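Worksheet: the structure to be examined is printed underneath.
The values are calculated or read from the model by the stated rules, or taken from the named source; none is laboratory data. Only a predicted model underlies this, so the values are computations on that prediction, with no experimental measurement involved. Please note: Cβ atoms are built from the backbone with ideal geometry, for glycine as well, and neighbour counts cover all protein chains shown.
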Amino acid sequence: MSEHSDFEGELTRALRRAGTAFEPDQHGLTLGGAARGRRMRRRSFTVTGGAAAVLLLAAGTAAVAGLPGGAARPVPPASSASPSAPGLTAPQLVAALTSHLTGLQVLDSEAIDTAESVRTGLPPRLSVTVDDGRGRALVTVTVNRLQAQEGHRSKTDCPAEPSATEICEQSRTADGGTLTLRRDQLPGGDPKRIWSASLDAPDGRWVNVSSYNFANMVDQNTTRAEPPLTVAQLGVIAADPVWRPAFEAIPAGGLTQVVPPPVLAGERIAAIVQPLLPAGAVADQLRPTADNLHLRVNTGGVDVHLRDWRKPPMGTPADEFAGAERLADGTLLLARTEPFGGPSYRNVVVLLRPDRLRVTVSALNPPVVEGRTPVSTPVLTLDQVRALALAVVAEAAPLP
């Protein structure tokens, strides 16, 4: 197995342990289903003890106070919520989290509320970008209803064998549930860190709270040495009963994800890409899926991903396309060479079409092979990656 595969597999497993909200593509490590998440932009504000967005319980009701730009909004109290209750809105979800973030500056927030969760089949979840003066970072929450047949112990069990890269502790809660605290890091000196707390309650309620040392899920470039919240702090957030209305709004039978048809099938992407490869390039291990393609070119990797960007995935910077090249039809284009885990580099071209279709094409350098000199140049030049991206976006169907 190549070093690329080891690295990508470890990161994928760590992200999955950190919560089902974020299922990265095996090779591109970009968000998938979260692209349909409801994005909520909030101007920057600092959460302090008095000015925080907090849940105020009074006379059997709750209100969200202190959110910038608006008055208090009602929140159903945990004690009175029922499966027919409206659950939690996106502002209420974000306020429930920010009430725990005293001293952190909240720069951005986004959420999938319970109404959208039922409509799309994605679990309620939210993400905030924070900064404590040591660098920006993501904090995320996912709420789900786990079914007995899912064997959900696998989501919360600590590894049987201790590991220096997986520090895991478990404790029992008063109602007989399990609280799992994890600190995950990648092997080989990779700087990514994911701290998480998962509450697995007897009634099927599953709440995951994760803190990362990077600020967005797209490039996952580290922005600080460690996540901003400790696992103990994450455990307090996960155990907060404020998440119960979101859980109870999920149908008893669980969620069924609605998958839209691809705008360009993986097989067609492969047919477009292969003739455009440079002379002498040998492509093998072709793995096309809906809207995605991974192929190995001269032992390096080339990835193509298409996403509906009308609702960007969680953790995406608001100014991602600031300074982008604007093509004649209004499509925005970004091109860059960037590090990608340890000794790896990749050339990346990102296109955003006027209808908000986002196409990402990237090329990695060949993996390090023992006894050979590392190759630091990606298998395709930036110009070649650009040509591939333009060819793909030209043929992709309009978004429905």
Condition broken by Ala201, with the remaining ones in (1) within 30 Å of Leu334 (Cα to Cα); (2) at pLDDT 90 or above satisfied: (1)
Six or more apart or on different chains, Cβ under 7 Å: which pairs go from a residue in the range 209-227 that's in contact (Cβ under 8 Å) with a residue 24 or more places away in the chain and in the same structural domain as Asp132 (by TED's automatic domain parsing) to one that's among the acidic types (Asp, Glu) and buried (at least 18 other Cβ atoms within 10 Å of the Cβ)? Could you list them? Asn213/Glu226
List every residue pair whose Cβ atoms lie under 6 Å apart, where the two residues are 6 or more positions apart in sequence or sit on different chains, the first residue falls within the range 108-119 and is outside the structural domain of Lys311 (by TED's automatic domain parsing) and more than 15 Å from Ala96 (Cβ to Cβ), and the second residue, located anywhere, is assigned to a loop (DSSP other than H, G, I, E, B) and modelled with pLDDT under 90. Glu116/Arg38
Among the residues of the range 238-281 satisfying the criterion of being farther than 20 Å from Pro202 by Cβ and touching a Ser or Thr at 6+ places or on another chain (Cβ under 6 Å), which is surrounded by the most Cβ atoms within 10 Å (Cβ to Cβ)? Gly266
Residue list for the range 101-135, filter: assigned to a strand (DSSP E or B) and surrounded by fewer than 20 Cβ atoms within 10 Å (Cβ to Cβ): Gln105, Leu107, Asp131
Among (1) surrounded by 20 or more Cβ atoms within 10 Å (Cβ to Cβ); (2) modelled with pLDDT under 75, Pro288 falls short only on (1)
Checking the conditions here, which among Arg145, Arg125 is in the same structural domain as Ala225 (by TED's automatic domain parsing), at pLDDT below 95, under 20 Å from Ser196 (Cβ atoms) and within 17 Å of the chain's Cα centre (by Cα)? Arg125
